[in-house]
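J.: Please see the structure below; I have some questions.
Each value in this text was obtained by applying a stated rule to the coordinates, not by laboratory testing. All of these numbers come straight from a predicted model, not from anything done at the bench. When we count neighbours, we look across all protein chains shown, and the Cβ atoms used for this are built from the backbone with ideal geometry, even at glycine.
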């Protein structure tokens, strides 16, 4: 990375379909000269055998995203200061 880090944040994204649902966490670091984006982790799951609505699967995806970001923030707190989470 070039320059000094001005902002470090965690961004999360989740999505669901009838085949699977998933969550992804990435770490954008803004410096004085550029923005560097790093993949941190992801988690995927297969929906239950009992048919679920897409809305319910989206809520399950949001739940695994919330748990994933909480876990990542806890681990990263020992190494870097995260400015904000989205």
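J.: Based on DSSP H runs of at least 4 residues, each adding -39500 (n - 2.57), what is the mean residue ellipticity at 222 nm of the chain after dividing by all its residues, to the nearest 500 deg cm²/dmol?
T.: The helix contribution divided over the chain gives -9500 deg cm²/dmol.
J.: Based on the Cα coordinates of segment 1-40, what is the per residue volume of their convex hull in Å³?
T.: Per residue, the Cα convex hull of segment 1-40 comes to 56 Å³.
J.: If r is the Cβ-Cβ distance from residue 56 to residue 13 and R0 is 22 Å, what FRET efficiency results, to the nearest 0.05?
T.: Numbers: r = 19 Å, r/R0 = 0.85.
For residue 56 and residue 13, the calculated efficiency is 0.70.
J.: On to the next question. Suppose a student asked you for the relative contact order of the chain, using Cα pairs under 8 Å spaced at least 6 residues apart; what percent would you report? Intermediate results must be reported in sequence, preceding the final value.
T.: On the way: 158 pairs, mean separation 30.8, N = 86.
Relative contact order here is 36 percent.
J.: Please sort 25-33, 48-56 by packing, taking for each peptide the average over its residues of neighbouring beta carbons within 10 angstrom, highest first.
T.: On the way: 25-33: 15.3, 48-56: 10.0.
So the peptides 25-33, 48-56, ranked by packing, come out 25-33, 48-56.
J.: Using mean projected area of the Cα convex hull in nm² as the read-out, say which of (1) 5.9; (2) 5.3; (3) 10.6 was calculated from these coordinates.
T.: Computed from the coordinates, mean projected area of the Cα convex hull in nm² corresponds to (1).
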